[in-house]
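Novice: Supplied in structure tokens, the structure appears directly below.
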Amino acid sequence: MASAQQVRNVLLEEYRDLIVEDQVDGSAVVREAPAAMADAADLRRFPVSETLGRCANLLADSGFGIALLRDEDGVYLNAH
């Protein structure tokens, strides 16, 4: 099972400003701070930032299952 701490252990120091939270199902959610998501206001798009894309690649390379999802707060990454 993934946890926020396991995800933090994989992410490089440059990604420490991302919000990483444990979920009830054992996965971890990674999202950017609200200020960084300000450009994601267009609800017709699925804007994945370069930072979130790089994090997804790092986590996938480390064996995590990755899903990019969208909610009212913007695009986020779910790691299992």
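The values are calculated or read from the model by the stated rules, or taken from the named source; none is laboratory data. Predicted model only: the values in this text are computed from it and were never measured. Reconstructed Cβ throughout: ideal geometry from the backbone, glycine too, with neighbour counts over all protein chains shown.
Novice: Just to be sure, is residue 57 buried (at least 17 other Cβ atoms within 10 Å of the Cβ) and either assigned to a strand (DSSP E or B) or at pLDDT 90 or above (or both)? If you could, list the steps in order and put the result at the bottom.
Specialist: Details: buried (at least 17 other Cβ atoms within 10 Å of the Cβ): no; either assigned to a strand (DSSP E or B) or at pLDDT 90 or above (or both): yes.
Taking the combined requirement at face value, the residue does not satisfy it.
Novice: Would you please list the contacts, defined by Cβ atoms under 8 Å and residues six or more apart or on different chains, that run from a residue in the range 57-72 that is among the charged types (D, E, K, R) to a residue that is at pLDDT 95 or above and outside any strand (DSSP E or B)?
Specialist: Nothing qualifies.
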